[in-house]
Amino acid sequence: MSWIRKNLVVIAGLLTLAYMILPNVVVMVFSFNKPNGRFNYSWQQFSLDAWKDPCGVADMCESLTLSLQLAAWSTVGAVVLGTMIAFALVRYRFRARGAINSLIFLPMAMPEVVMAASLLTLFLNMGIELGFWTVLIAHIMFCLSFVVTAVKARVMSMDPRLEEAARDLYAGPAQTFLRVTLPIAAPGIAAGALLAFALSFDDFIITNFNAGSTVTFPMFVWGSAQRGTPVQINVIGTAMFVLAVLMVVAGQIITNRRKKTATA
Amino acid sequence: MTTTLTKEAAPGPVEEPVLRKPPTRKRLVPYWLLLPGILWLLVFFALPLVYQASTSVQTGSLEEGFQVTWHFQTYVDAFTEYWPQLLRSLLYAGTATALCLLLGYPLAYLIAFKAGRWRNLLLVLVIAPFFTSFLIRTLAWKTILADDSLVVDALNALHVLDVTSWLGWTEGERVLATPMAVVCGLTYNFLPFMILPLYTSLERIDGRLHEAAQDLYASPATTFRKVTFPLSMPGVVSGTLLTFIPASGDYVNAELLGSTDTKMIGNVIQSQFLRVLDYPTAAALSFILMAIVLLMVTVYIRKAGTEDLV
Amino acid sequence: MTDKTTGGDVRLTGISKTYGSFTAVHPLDLTIPQGSFFALLGASGCGKTTTLRMIAGLEDPSSGTVFLGDRDVTDLPPYKRPVNTVFQSYALFPHMDISENIAFGLRRRGIKSVKKQVDDMLELVQLGDKARHKPHQLSGGQQQRVAVARALINHPQVLLLDEPLGALDLKLRRQMQLELKRIQTEVGITFVHVTHDQEEAMTMADQVAVMNGGRVEQLGAPADLYENPRTTFVANFLGTSNLIEAEVVETGSEVVVTAGGGRLRVPGDRCTDAVRQGGKLLVGVRPEKISLTHADDAGAIADGRNQVTGRIADSSFIGVSTQYVVNSPAGAELQVYEQNIERDARLRPGAEVVLHWNPAHTFGLDATQDIDAGVETVEDAS
């Protein structure tokens, strides 16, 4: 009993972790299922069919490609615009700072459905045709604030004397930015980019409002939840999960090795 | 050695120094940096809100077009008709937020202070689910909470469901399509948004503070109450906001895991906008939701005394 | 006046810096001779760093001109000035290794083959084996030397050092002071050194400008500043001074004053110009110039010395010397440093004593100044 009391935090924490991981385990297990009907909700029998033919479902892989493209372009857009804002906020004094800070904060403090609906109102009123471009615009909009926050944190912790040192050592403004500012701000920018990619790739609510007949991967999953869920969805979900974990582990190993050689 | 010395500058007749102004180009740099991004937010975030404000006071129909008639009655009608869903949204989101804090804090604490060399692995496990689309994971809950699934059977055997149905959270021996399923899904979906800020602020706490507190006669429980928890407040504040705000407007969990009796305000806005095509009502409802959330957030931030969200 | 070429002097004329309504540096004229080791000394916020940054080009002056030799460089950006800086806390680029850091300036000027020069520079600062290390793997002293090497490799006309030793512990600081002095003698470049540490300034510099409140209070060689302070700030900031408020009785080549009932003599040429009969004067003497004799032996004191009676309030044994605090009618808490050669056992707290010194070591300052200006308080001691 006293052991339990002593390790209460550990036990509670691990239970939460189990709660968080459970759905992924289910997704993985059910990627080997051979469902009876159109829905993949109850276990029938083991099968590798879906893994052998991941793109065997009409339109699914197209939607996946579209989502990846969208995420990539949204990331580029949000990172470029967001980094510029972050630098301006940290490094310069200017008018209307408070208003600009609120404008950046508000999208994060707004339920998605409100932004989704109002953006749709704008597009309808302007007579803009819904599709890839409207979704891209929306994604850059809601990723922007998160990028600003991530990059700002990094730039704030950056010693401004480093850039002064570069200028002092004959580096012009462009050289200073490329050789010193950018490499040092890189971790913050990378964090912002990762966040933007993940937010855009996984977004459903705003996309659903503004996509028109364009179908992203989350929208495909949503649609199939009404019509019937192909096992391939689980295959994609599992593959991305495994891929991501492998990438993180590989990255960790590489940095560890680098650290070792550096100190040797 | 050297003979060149200084005098202090002109003490006699004070010469008005010729002031140099920094070049205009330099002063404009921040504005050029801000321009594209801020313009983007103004056009695609702020302007849409204006459009929506105008839509919310329009009347008309899809066929004949909508006209601004300053018809504020829409707000009254929308609120009268949909206040149960609105209340339900705040209730579900609030419950989910409280559960996230309750479940997330031990895990964040575990990772920050007790994980040792497992810390990175645990962090990866917290973040990893993100990489599977949240819709797929939410659908998995349909399997987990299905009638006669392992979890539901276990809850039944332990008579947990008797209690929860008496409370009105579940119905009979079912979990799916009940409020509990929706709250469970919301909690699950937004847990990482609670854990990560909590972890960040816990990790910043100097371990020696715990030792100092214990050295000054504080028991572990008192140490937590008087030292650890107050210092993790920034994480608690941003975590609860990052959980509550999206949860209050969510409609995916209610749609996939709930029933017609668990519809949230998000579901209403979505169907008014995309199916019923009653734009004024949908716009009015969005504004009501936005106003409530912003009000709560402002009051909360004031009370918690922090200005930073993330 | 001097046969040295003035072609490389740094000349500041009427230079000032204001931030809004705050004036960091009042219009200032200053000439820093080529090849000298020049120190800007003052407490934090006195404008010394701002002055340095205006020479570097990192700060645009609000008025005035910066000349390097005969060239007006006021409008040149820092990357076009033949001036390099060793920054406070070094500002080494964390993402580059040591040799990349050192080669940075040469590379930016388009010089391709830098290896030889970098190696020579690493040799000069004795870090040959650390070329491939990252800055964070080096100790504070090593980082400091890298910062110096990174600047010196460019053969600047002037090297600016902004509190370069502030982050080091005392022992290492002493060592680096000598090291920097050695390098300066070796390369012969003008060094402009900003510091708040008066001992550091006096050890290293040929010329020291003492700054206070955005103005230069006094400029000169260290010994000259120490022996002939012209303001109470300089008297108190450089070492310790005993300042006694006195009334002028006689003027002339020897000024006679009364303080606490006794008469003191001050050489006329060491007094402020404003001395007049019946006026006030602040009489100063350094603690180490004073001798201490027990009151019982007062008769043995040679004639012609300035004398003040008092009672020992406190004494502390330092090793090479003993420091006494003496209360006297002439002034409270007079400081006396006695060499520990022949210690008089009677000189204990409570003992009645006579303080006496050679009148030539006395200086007189304008009495309208704040007597405590420049006294180091606990907060700014670092």
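Summary of values
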read-out: GNM result for chain B, Cα springs below 10 Å: residue of B:P280, B:P84, B:P36 fluctuating most strongly; value: B:P36
read-out: Whole-number D in µm²/s for region B:71-304 (Stokes-Einstein; Kirkwood sum over Cα pairs; 25 °C, 0.890 mPa s); value: 124
read-out: Dipole of the protein assembly as shown, positive direction: furthest Cα of A:L178, B:L202, C:G57, with charges on the beta-carbon; value: A:L178
read-out: Shape of chain C, Cα gyration tensor, a/c cut at 1.5; value: prolate
read-out: Exposed-loop-free span, longest in chain C, where GluC sites (Glu not before Pro) count as exposed if DSSP calls them loop and at most 13 other C-beta atoms lie within 10 Å; value: C:1-341
read-out: Projected label distance in nm at A:V80 and B:Q73, using a 7 Å step from Cα toward the beta-carbon; value: 5.0
read-out: Which listed pairs, of C:K17/C:K134; C:K80/C:K112; C:K112/C:K134; A:K6/B:K142; C:K112/C:K181; C:K80/C:K115, have C-alpha distances above 26 Å, in listed order; value: C:K17/C:K134; A:K6/B:K142; C:K112/C:K181
read-out: For region B:71-304, with +1 on Lys and Arg beta carbons and -1 on Asp and Glu, the positive-most of B:S238, B:L125, B:F224 along the dipole; value: B:F224
read-out: DSSP-loop trypsin sites (Lys or Arg not before Pro) across region A:1-69, with at most 13 other Cβ within 10 angstrom; value: A:R38
read-out: Relative contact order of chain A, pairs being alpha-carbon contacts under 8 Å that are 6 or more residues apart, as %; value: 32
read-out: Overall Cα dimensions of region C:10-227, principal axis frame, Å, largest first; value: 46, 38, 30
read-out: For chain A, built as a Gaussian network whose Cα springs stay under 10 Å, the top-fluctuating residue of A:N208, A:N125, A:N36; value: A:N125
read-out: Set of aspartates and glutamates near B:K263 by C-alpha distance (under 17 Å), chain-local residues within fewer than 8 positions excluded; value: A:E112, B:E81, B:E171, B:D250, B:E255
read-out: Part-to-part distance (alpha-carbon centres) for region A:126-196 and region B:142-156, which is given in Å; value: 47
read-out: Filtered chymotrypsin sites (Phe, Trp or Tyr not before Pro), region C:292-355: DSSP coil and at most 11 other beta carbons within 10 Å; value: none
read-out: Rel. contact order, % - alpha carbon contacts under 8 angstrom, at least six apart, region B:71-304; value: 30
read-out: Charged-residue dipole, Cβ positions (Lys, Arg, Asp, Glu), region C:121-239 about Cα centre, Debye nearest 20; value: 440
read-out: Region B:30-187 - convex hull of the alpha-carbon atoms, volume per residue in Å³; value: 243
read-out: Within region A:78-181, GluC sites (Glu not before Pro) in DSSP loop having at most 13 other beta-carbon neighbours inside 10 Å; value: A:E129
read-out: Folded to 0 to 90 degrees: helix A:182-202 orientation relative to chain A principal axis, Cα; value: 30
read-out: D_trans [Stokes-Einstein, Kirkwood Rh over alpha-carbon pairs] for region B:182-310, 37 °C, 0.692 mPa s, µm² s⁻¹; value: 192
read-out: Average projected area [Cα convex hull, region A:141-191], square nanometres; value: 3.6
read-out: Region B:81-99 versus region C:195-231: alpha-carbon centroid distance in Å; value: 71
read-out: Helix-derived mean residue ellipticity, 222 nm - over the protein assembly as shown, DSSP H n ≥ 4, -39500 (n - 2.57), to 500; value: -16000 deg cm²/dmol
read-out: Table column - 3J(HN,Hα) (Hz), region C:162-169, Karplus curve with 6.51, -1.76, 1.60, x for Gly and Pro; value: 9, 6, x, 10, x, 8, 9, 6
read-out: Cubic angstrom per residue, convex hull over Cα atoms of region A:201-264; value: 100
read-out: Relative contact order (%) - region C:242-366, alpha-carbon pairs under 8 angstrom, separation at least six; value: 33
read-out: Where only C-alpha atoms are counted, convex hull volume of region A:37-155 per residue in Å³; value: 189
read-out: Spin-label model distance (nm) - B:R204 vs B:T260, 7 Å beyond Cα toward Cβ; value: 5.0
read-out: Dipole magnitude of region C:10-227, debye to nearest 20 (Cβ charges: Lys/Arg +1, Asp/Glu -1, about Cα centre); value: 860
read-out: Shape of region C:242-366, Cα gyration tensor, a/c cut at 1.5; value: prolate
read-out: Alpha-carbon centroid distance for the pair region B:212-256 / region B:274-297, whole angstrom; value: 29
read-out: Degrees between helix B:134-144 axis and first principal axis of chain B (Cα, 0 to 90, nearest 10); value: 30
read-out: Crossing angle, helix A:217-227 versus chain A [Cα axis fit, 0-90 degrees, rounded to tens]; value: 20
read-out: Gaussian network model of chain B, springs between alpha carbon atoms under 10 Å - residue of B:L122, B:L158, B:L86 with greatest fluctuation; value: B:L158
read-out: Longest DSSP-loop-exposure-free segment, trypsin sites (Lys or Arg not before Pro), chain B, at most 12 other Cβ within 10 Å; value: B:8-203
read-out: Chain A: Cys lacking any partner C-beta under 4.7 angstrom; value: A:C143
read-out: Shape of chain A, Cα gyration tensor, a/c cut at 1.5; value: oblate
read-out: For chain B, the longest site-free run once GluC sites (Glu not before Pro) in DSSP loop states with at most 15 other Cβ atoms within 10 Å are removed; value: B:174-306
read-out: Signed unit charges on C-beta, dipole axis of chain C, positive-most listed residue C:T309, C:V336, C:G141; value: C:G141
read-out: Along each principal axis, Cα extent of the protein assembly as shown, largest first, Å; value: 119, 67, 64
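All of the numbers you see were taken from the coordinates with simple rules; none came from a lab. All values reported here derive from a predicted model rather than from experimental measurement. Using ideal geometry, Cβ is built from the backbone for each residue, glycine included, and neighbour counts are taken over all protein chains shown.
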